[in-house]
Amino acid sequence: MDRHCGDSRPTDGERAAVDALLGPPESSWEGAGRSDADLRWARGGRAARDRRDLLLPGLHAINDRIGWISEGALDYLCRRLTVPPAEAYGVATFYAMFSVGPRPATVLHVCTDLAGAAAGADQLCAGTTERLGSDVQVERSPCLGLCERAPAALAVRAGDPVRTAVAAPATVDDAVRAAGAPGSAPEEPPAAMAVPQAGQEDLVLLRRVGVADPASLHDYRAHGGYAALRRAFALGPAGVIREVTDSGLVGRGGAAFPTGRKWQATASQPGRPHYLVCSADESEPGTFKDRVIMEGDPYALVEAMTVAAYAIGARRGFLYIRGEYPRAIHRIQHAVDQARVRGLLGDDILGHGYAFDIEIRRGAGAYICGEETALFNSVEGYRGEPRSKPPFPVEKGLFGRPTVENNVETLVNVLPVLTMGAPAYAAIGTERSTGPKLYCVSGSVARPGVYELPFGATLGELLRLAGVRDGLRAVLLGGAAGGFVRPDELDIPLTFEGTREAGTTLGSGVVMAFDDSVPLLRLLLRIAEFFREESCGQCVPCRVGTVRQEEALRRIAERTGAAAANDIALLREAGRAMRDASICGLGQTAWNAVESAIDRLEAYA
């Protein structure tokens, strides 16, 4: 698309939103009035281009203040950052939470993903659309990360400040009330309500959730906070990496890469600076554990990031949080601010002469940004599209520098590694899957929420803990990118190696139970819709394959047996192409759940 800075001008509100982020413009090249100095030389140049990473925050600023991004606002932001308007337009239209067309100031996002669909999200959408007038736009949304309270709705009212409200579990009345007055909506229940085990003494990762005040740094320290960082300073960077390596900790995002090896590879890179990036962009349908940690124990993540940064020699860290998590963003921002005030972030942490700080970046609704290199592009102000590897992030990651990317659960596991010691931590779980693991249980269970169990517990033990209901039809392990298992497979051990041997995956820890009342074929269609919508479109196998997959599933929605055979064959062919030739995990896993439903559940037999 050919775009250029035209005659459109920003409104006073749009200009104020951008200037509040970037400061007032200093020259006419950035949108200020022309002065005599502007006639002699152009100011800005490289300094302005170096601020490209503020493009996404700038788009958020406009969207928060106005509710959508006009051509005049986009052009003004582009002038301020020296970004080509065509590129900025490509970024703005990449994210689901932005709009480049006029829309009402209030938007109600209704989660229609798997847990929501099973809990009546379609009826919620229809009811709210009928009740709310043209002053509120109702949008069907991917997973909002509130699966334990499905169905869920998030109301966002633009303004200064922007107002948000969550209704979950939401009735039509609740959602209409939240959209009508988001600033005075009832407060969400505490994070501990999402942890059925809260308060149990044997918890490791969740032990402070529901016990310590998440807003109080003093309370965090009174419950053992910052003991791990003190031990890290005593061990030194190499000692910390050795402890993490010896603990057997592997990434909890699904890839299960050894954390210590990743840290060592980054720390040993001669190029500087090094960066730490924490992904809190958990967008896998059914996943909400990172949200619960950030809302219930935010200082743990701040401490864990500081430990990780110290180990790899980073002075600057980025925490990328889902835009759909307003309370988590607020809690983490408060924790970061308090840590700075108390000398736990900044130039001389705890008097050890080590400098580190954290910048919080908001996502804007893009599942693909859970992929590490797509997240880097998003932070840098580009479309969140994955990069080809190699080079790997440990060599060339964020801003082309050596970077460690870990998710929230991986990082908070580092704290017990240091406080317990590597041998004690490694004694938890199994030989090849060490430590505790968090599971997001939702669907047909009496007590949905985040559960902490040592690796090695069986799927059946977890579901019994959550109170699985009668009439179990299937269990989805690992979310939309995972696979279904049958009710007679509940003895599968929940370890990376155990699920692999069973022909499925643990993924990020999603466990969704579905009983006979849930239309399985409708769920498969929703999964196909999800991947088609979330494909970034960069590589052909994924861009075309996800469309063909959805088309085939729609054709056989009412067919079985021989009548579905041709489309089943097409699905297998498209699935193999996506798995073999897509450049990132989205395309490579988009066929997993459908394949498992066909082969394990005989969905179309």
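The values are calculated or read from the model by the stated rules, or taken from the named source; none is laboratory data. Keep in mind the model is a prediction, meaning the values are calculated, not measured. With ideal geometry, Cβ positions are generated from the backbone for all residues, glycine too; neighbour counts draw on all protein chains shown. In case anyone asks, the SASA skips ligands and DNA or RNA and just uses the protein heavy atoms, side chains included. Shrake-Rupley method; radii C 1.70, N 1.55, O 1.52, S 1.80 Å.
Evaluate E = 1/(1 + (r/R0)^6) for A605 and A446, where r is the Cβ-Cβ distance and R0 equals 30 Å; express this FRET efficiency to the nearest 0.05.
The calculated FRET efficiency here is 0.45.
Could you grab the relative contact order for the chain? Cα pairs under 8 Å, six or more apart, rounded to a whole percent.
12
Taking all protein chains as present, what is the carbon and sulfur share of the accessible area of the chain, in % to the nearest whole number, probe 1.4 Å?
The value for the chain is 50 percent carbon and sulfur by accessible area.
Could you tell me the number of lysine pairs in the chain with C-alpha atoms less than 24 Å from each other, where the two lysines are 8 or more residues apart or belong to different chains?
5
What ranking do 522-533, 259-270 get when scored by the average of other Cβ atoms within 10 Å per residue, highest first?
Working: 522-533: 21.0, 259-270: 18.8.
With the highest mean Cβ count within 10 Å placed first, the list reads 522-533, 259-270.
Compute the whole-percent fraction of alpha carbon pairs in the range 83-169 spaced more than 22 Å apart.
Counting pairs separated by more than 22 Å, the tail of P(r) holds 33 percent.
Can you give me the distance in nm between label points at D213 and K389, each placed 7 Å from the Cα along the Cα-to-Cβ direction?
Rounded to a tenth, the inter-label distance reads 4.2 nm.
Please work out whether the range 266-420 counts as rounded, prolate or oblate from its C-alpha gyration tensor, where a ≥ b ≥ c are the square roots of the eigenvalues and a/c under 1.5 means rounded, while otherwise a/b larger than b/c means prolate and anything else oblate?
Verdict is oblate for the range 266-420.
Sorted by accessible area with a 1.4 angstrom probe, largest first, how do R52, R230 fall?
So, going from the largest accessible area down, we get R230, R52.
Please calculate how many Å² of accessible area the range 453-519 carries per residue, with a 1.4 Å probe and no DNA, RNA or ligand atoms counted.
Per-residue value: 35 Å².
Pop the C-beta distance of R464 and R554 into the FRET formula with R0 = 41 Å and round what comes out to the nearest 0.05.
0.65
Considering amide H positions built from the backbone, and no H for Pro or chain starts, which residues 5 or more places from E359, or on another chain, come under 5 Å of its amide H?
Those lying under 5 Å, H to H, from E359 are G317, F318, L319.
Considering only protein heavy atoms, what per residue accessible area in square angstrom results for the range 84-129 with a 1.4 angstrom probe?
Heavy-atom accessible area per residue stands at 31 Å².
For the range 288-297, just list the computed ³J(HN,Hα) in residue order, Karplus coefficients 6.51, -1.76 and 1.60, θ = phi - 60°, integers in Hz, with x standing in for Gly and Pro.
8, 5, 5, 4, 5, 5, 5, 7, x, 8
For M305, M97, write out the residues from largest to smallest accessible area, computed with a 1.4 angstrom probe and no ligands counted. Can you show the working numbers first?
On the way: M305 0, M97 30 Å².
Ranking M305, M97 by accessible area, largest first, yields M97, M305.
Per-residue ellipticity at 222 nm for the chain, helices alone: DSSP H runs ≥ 4 residues times -39500 (n - 2.57), over residue total, nearest 500 deg cm²/dmol?
Working: 25 runs with 247 residues, N = 605.
After summing the helix terms and dividing by residue count, I get -12000 deg cm²/dmol.
Note down the relative contact order for the range 47-94 as a percent, whole number, built from C-alpha pairs under 8 angstrom at least six residues apart.
45
List the residues, sorted by chain then number, that are 5 or more residues from D516 or on another chain and whose placed amide H is less than 5 Å from its amide H.
Amide H to amide H, under 5 Å and 5 or more residues apart or across chains, D516 pairs with R473.
What is the extension gain from A16 to R103, computed as 0.36 nm multiplied by their sequence separation minus the C-alpha to C-alpha distance, in nm to one decimal? If you can, show how the numbers build up before the last one.
Numbers: separation 87, 0.36 × 87 = 31.32 nm, distance 1.97 nm.
Length difference between fully extended and current span is 29.4 nm.
Over the Cα atoms of the chain, how large are the radius of gyration and the largest Cα-Cα distance (Dmax), in Å?
Just the Cα atoms of the chain yield Rg and Dmax of 24.0, 79 Å.
Starting from the Cα of R261, move 7 Å in the Cα-to-Cβ direction to define the label point; list residues of the range 564-597 whose amide nitrogen is under 19 Å from there.
In the range 564-597, the label zone of R261 (backbone N under 19 Å from the point 7 Å along Cα→Cβ) covers 585.
To the nearest Å, what is the center-to-center distance of the range 303-356 and the range 121-187, using C-alpha atoms only?
32
Sorting check: for 544-551, 234-241, 297-304, which peptide has the highest mean count of neighbouring beta carbons within 10 Å, and how do the rest follow?
Ranked by mean Cβ neighbours within 10 Å, highest first: 297-304, 544-551, 234-241.
Which whole-angstrom value gives the distance between the alpha carbon centres of the range 48-98 and the range 250-270?
Result: 33 Å between the Cα centres.
For a quick protection proxy, order the peptides 333-339, 502-508 by their average other-Cβ count within 10 Å, most packed first.
Sorting 333-339, 502-508 by mean packing, highest first, produces 502-508, 333-339.
Under 8 Å for C-alpha pairs, at least 6 residues apart: give me the relative contact order for the range 447-571, rounded to a whole percent.
It rounds to 20 percent for the range 447-571.
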